[in-house]
Amino acid sequence: MNASPRAVDLTITGHVQGVSFRAYTADRARELGLVGWVENLDDGSVHVRAQGDPDAVESLVDWCHDGPSAARVDDVEVRDVAPESVDDFSVRL
């Protein structure tokens, strides 16, 4: 039996804009079979909404603590949220 989907909002702070964080996050999420989105926020952080298999979500959360090689992640805030109807994983501009 499959586990119920898990949905999370992540706020990643540090040197995370201008280092392809969104593109790498989207690639990793798609590899994991997750849906949702990633976007830059005006305060310099990155916001991720990811949902799907709980183990896959946890893998993405773990990955976000490091991010791409050019990034410097200071903190990842994780909040569980209600799943939404989303079909793919997108990069929001």
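Name every residue in segment 12-35 that is in contact (Cβ under 8 Å) with a residue 12 or more places away in the chain, part of a helix (DSSP H, G or I) and not hydroxyl-bearing (Ser, Thr, Tyr), in order of residue number.
Listed by number, the residues that qualify are PHE21, ARG22, ALA23, ALA26, ARG28, ALA29, ARG30.
Given (1) at pLDDT below 95; (2) part of a helix (DSSP H, G or I), identify the lone condition not met by ASN2.
That leaves (2) as the condition not met.
Looking at (1) assigned to a loop (DSSP other than H, G, I, E, B); (2) farther than 13 Å from ALA7 by Cβ; (3) touching a Phe, Trp or Tyr at 6+ places or on another chain (Cβ under 9 Å), which is the only condition HIS47 fails?
(1)
Looking at segment 72-79, is at least one residue under 13 Å from ALA7 (Cα atoms) and at pLDDT 95 or above?
Looking through segment 72-79, at least one residue is under 13 Å from ALA7 (Cα atoms) and at pLDDT 95 or above.
Which one of VAL38, VAL61, VAL86, VAL57 is open to solvent by less than 60 Å² (accessible area, probe 1.4 Å), of a type in the set (Val, Ile, Thr) and part of a strand (DSSP E or B)?
After ruling out the rest, the residue left standing is VAL38.
The values are calculated or read from the model by the stated rules, or taken from the named source; none is laboratory data. Small disclaimer: the values here were computed from a predicted structure and weren't measured. Cβ coordinates were reconstructed from backbone atoms using ideal geometry, including for glycine residues, and neighbour counts include every protein chain displayed. Heavy atoms of the whole protein, side chains included, go into the accessibility calculation; ligands, DNA and RNA do not. Shrake-Rupley method; radii C 1.70, N 1.55, O 1.52, S 1.80 Å.
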